[in-house]
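Okay, so here's the structure we're looking at.
The values are calculated or read from the model by the stated rules, or taken from the named source; none is laboratory data. Keep in mind that what you see is a predicted model, and the values were worked out from it rather than measured. Reconstructed Cβ throughout: ideal geometry from the backbone, glycine too, with neighbour counts over all protein chains shown. Heads up: the accessible areas ignore ligands, DNA and RNA and are worked out on the full protein's heavy atoms, side chains in. Shrake-Rupley method; radii C 1.70, N 1.55, O 1.52, S 1.80 Å.
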Amino acid sequence: MTDDNGTRIVSAEVLVSSPGRNFVTLRLRTADGVTGLGDATVNGRELSVVSYLQDHVTPLLIGRDAHAIEDTWQYLYRGAYWRRGPITMAAIAAVDTALWDIKAKMAGMPLYQLLGGRSRRGCLTYGHASGAELLELFDSIRAHLDQGYRAIRVQTGVPGLGSVYGVASSANAAVGSGATSRYDHEPARRAAVPVEEEWDTRAYLRHAPRVFEAVRAEFGPELPLLHDAHHRLTPIQAAKLGKELEPYDLFWLEDVTPAENTAVLRRVREHTTTPLAIGEVFNTIWDYRELFEEQLIDYVRSPVTHAGGITALRRIFDYAAVYQIKSGVHGPTDISPVGLAAALHLGVAIPNFGIQEYMKHTEATDQVFRPTYSFTDGLLAPSDEPGLGVEHDDAEADRHPYSRAYLPVNRLKLDGSMHDW
């Protein structure tokens, strides 16, 4: 489909920069000069999306009507024989988000107004507190509370293990960013190959309930606490952990088992009333069907960036609402300010919002993307600027060229075999 007026797409640029970490951004421009941005970052596989966009997607966009968002989504998804997957869906998400940005700018409205208007003042967020041991963890929780967070994800080191996912360190802080202070938590490392970490599930299962017992004793019963098991447990191990954490009233327990086998969550659900969150590695609505219809989870973790954009994630949330399941959008720093802004516009509009993950980007990242959303009293809110409220500074981005980085891999401490990370 094409249109002869000023809304036709005349250029599509794929922008790659690394202001503290690697980002892939799509910028579309119409004949009238209106631009829109979309986030296409897939952490550790960024250049795969760059190639997919440049070699296979952007040539299809030139001449299309920027207003035809639904048709373009269907064209890119149904028109390709090879569907789904993180690379494909991140590329589609970037196009979809950029088109929504353009449409809202043309309307002279913030994007949330085109999604039905505000349902809330802002999006409740949670921050990432961590520590190698309890006193350090307590300090991190207090620091996040002082910053205004009203919900906290709790991760700690495990006795007998070295580097553990979710636990910040000053050593990781400086990777690629020039920072020297502790950073909660950036696992991607600049290296030719991934860093290898060790894991011991039994040690973790012994330790985690003690941590939450101590946190509740220190901070009381009211503070919402979250925890990420990061796909490292078998179904019976996950059920055991969920049951043992029940006395500490978690807001949620995240990614308890590898997400590929969704049916195993039945076993977890049978044994614990701890709320479950899953889906940050899911890419389409089809990944959730069984989980929703059997009500096996409580929160949807997919981000706009990896689930096909605003169009597709809105469908997922509407489907979830039928089963009283809420949003809990993935929001680490490898979701760029473009992807985060898109999530916020969606979050303030949908009726079944739950919580938004919020890791603050580095100052260098914010200088490249110039976001206008605001964080006040634990709520993250999009601005009233037309569109997403994010603009890409090309000159600033050029100061931060791409640098190869990988997430770690995980091996069992017992025998060195590969384990889920």
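Could you identify the single residue in 217, 203, 208 that is hydrophobic (A, V, I, L, M, F, W, C) and open to solvent by 40 Å² or more (accessible area, probe 1.4 Å)? Walk me through it before giving the result.
Numbers: 203 fails: open to solvent by 40 Å² or more (accessible area, probe 1.4 Å); 208 fails: open to solvent by 40 Å² or more (accessible area, probe 1.4 Å).
Residue meeting the stated conditions: 217.
Run residue 54 past the list (1) open to solvent by 50 Å² or more (accessible area, probe 1.4 Å); (2) farther than 30 Å from residue 362 by Cβ; (3) in contact with a strand residue (DSSP E or B) (Cβ under 7 Å, 6 or more places away or on another chain) and report the number of the one that doesn't hold.
(2)
Do you know which of the residues in the stretch 280-292 that are within 24 Å of residue 336 (Cβ to Cβ) and out of contact with any Gly (no Cβ under 8 Å at 6 or more places or on another chain) is most open to solvent (accessible area, probe 1.4 Å)?
The qualifying residue most open to solvent (accessible area, probe 1.4 Å) is 281.
Among (1) open to solvent by less than 10 Å² (accessible area, probe 1.4 Å); (2) out of contact with any Lys or Arg (no Cβ under 6 Å at 6 or more places or on another chain); (3) not in a loop (DSSP other than H, G, I, E, B), there is one condition residue 348 misses while meeting the rest; what is its number?
Against the list (1) open to solvent by less than 10 Å² (accessible area, probe 1.4 Å); (2) out of contact with any Lys or Arg (no Cβ under 6 Å at 6 or more places or on another chain); (3) not in a loop (DSSP other than H, G, I, E, B), residue 348 comes up short only on (2).
Provide a single number: the residues in the stretch 101-143 that are in a helix (DSSP H, G or I) and either touching a residue at least 24 places away in the same chain (Cβ under 8 Å) or closer than 30 Å to residue 6 by Cα (or both). I'd like the intermediate steps shown before the answer.
Filtering the stretch 101-143 down to residues in a helix (DSSP H, G or I) leaves 101-107, 111-114, 134-143.
Remaining after also requiring either touching a residue at least 24 places away in the same chain (Cβ under 8 Å) or closer than 30 Å to residue 6 by Cα (or both): 101-107, 111-114, 134, 137-138, 140-141.
Number of matching residues: 16.
Give the number of residues within the stretch 81-95 that are open to solvent by 30 Å² or more (accessible area, probe 1.4 Å) and either among the polar types (S, T, N, Q) or touching a His at 6+ places or on another chain (Cβ under 8 Å) (or both).
Narrowing the stretch 81-95 to residues open to solvent by 30 Å² or more (accessible area, probe 1.4 Å): 81-84, 86-87.
From what's left, either among the polar types (S, T, N, Q) or touching a His at 6+ places or on another chain (Cβ under 8 Å) (or both): 86.
So the count comes out to 1.
If you scan the stretch 5-64, which residues turn out to be closer than 30 Å to residue 194 by Cα, charged (D, E, K, R) and not in a strand (DSSP E or B)?
Result: 21, 45, 46, 55.
For the stretch 215-231, how many residues are in contact (Cβ under 8 Å) with a residue 24 or more places away in the chain and either in contact with a His (Cβ under 7 Å, 6 or more places away or on another chain) or at positive phi (or both)? Walk me through how you get there before you give the answer.
Start the filter on the stretch 215-231 by keeping residues that are in contact (Cβ under 8 Å) with a residue 24 or more places away in the chain, which leaves 215-216, 218-219, 221, 223-231.
Right, trim to either in contact with a His (Cβ under 7 Å, 6 or more places away or on another chain) or at positive phi (or both) and you get 230-231.
Residues meeting the conditions: 2.
Of the conditions (1) among the hydrophobic types (A, V, I, L, M, F, W, C); (2) touching a residue at least 12 places away in the same chain (Cβ under 8 Å); (3) out of contact with any Asp or Glu (no Cβ under 6 Å at 6 or more places or on another chain); (4) surrounded by fewer than 17 Cβ atoms within 10 Å (Cβ to Cβ), residue 418 clears all except one; give me its number.
Among (1) among the hydrophobic types (A, V, I, L, M, F, W, C); (2) touching a residue at least 12 places away in the same chain (Cβ under 8 Å); (3) out of contact with any Asp or Glu (no Cβ under 6 Å at 6 or more places or on another chain); (4) surrounded by fewer than 17 Cβ atoms within 10 Å (Cβ to Cβ), the lone unmet condition for residue 418 is (2).
Return the residues of the stretch 293-315 that are open to solvent by 10 Å² or more (accessible area, probe 1.4 Å), of a type in the set (S, T, N, Q) and free of Cβ contacts under 8 Å to residues at least 60 places away in the same chain; say none if nothing qualifies.
The answer is 295, and nothing else.
Restricting the stretch 6-28 to residues that are touching a Gly at 6+ places or on another chain (Cβ under 8 Å) and of a type in the set (D, E, K, R), which is farthest from residue 400 (Cα to Cα)?
The residue in question is 8.
Determine whether the stretch 355-371 contains at least one residue that is among the charged types (D, E, K, R), within 26 Å of residue 255 (Cβ to Cβ), out of contact with any Lys or Arg (no Cβ under 9 Å at 6 or more places or on another chain) and not in a strand (DSSP E or B). If you could, list the steps in order and put the result at the bottom.
Taking the stretch 355-371 first, the residues among the charged types (D, E, K, R) are 357, 360, 363, 366, 370.
Filter once more, keeping what is within 26 Å of residue 255 (Cβ to Cβ): 357, 360.
In the following step, the residues that additionally are out of contact with any Lys or Arg (no Cβ under 9 Å at 6 or more places or on another chain) were identified as 360.
If we keep only those that are not in a strand (DSSP E or B) as well, we get 360.
Checking the stretch 355-371: at least one residue is among the charged types (D, E, K, R), within 26 Å of residue 255 (Cβ to Cβ), out of contact with any Lys or Arg (no Cβ under 9 Å at 6 or more places or on another chain) and not in a strand (DSSP E or B).
With (1) buried (at least 17 other Cβ atoms within 10 Å of the Cβ); (2) without any contact (Cβ under 8 Å) to a residue 24 or more places away in the chain as the list, and residue 98 as the residue in question, which single condition is left unmet?
(2)
Looking at the stretch 363-385, which of its residues are surrounded by 19 or more Cβ atoms within 10 Å (Cβ to Cβ) and in contact with a Pro (Cβ under 9 Å, 6 or more places away or on another chain)?
Answer for the stretch 363-385, where residues must be surrounded by 19 or more Cβ atoms within 10 Å (Cβ to Cβ) and in contact with a Pro (Cβ under 9 Å, 6 or more places away or on another chain): 364, 365, 368, 369, 371, 373, 382.
State which residue is nearest to residue 29 (Cα to Cα) when the search covers only the stretch 115-142 and only residues that are crowded, with 16+ Cβ neighbours inside 10 Å and hydrophobic (A, V, I, L, M, F, W, C). So that I can check it myself, show each step before the final result.
Initially, the stretch 115-142 is screened for residues crowded, with 16+ Cβ neighbours inside 10 Å, giving 115, 122-132, 136-138, 140-141.
Imposing the further condition that a residue be hydrophobic (A, V, I, L, M, F, W, C) reduces the set to 115, 123-124, 129, 132, 137-138, 141.
Working: 115: 22, 123: 30, 124: 33, 129: 40, 132: 47, 137: 46, 138: 48, 141: 43 Å.
That would be 115.
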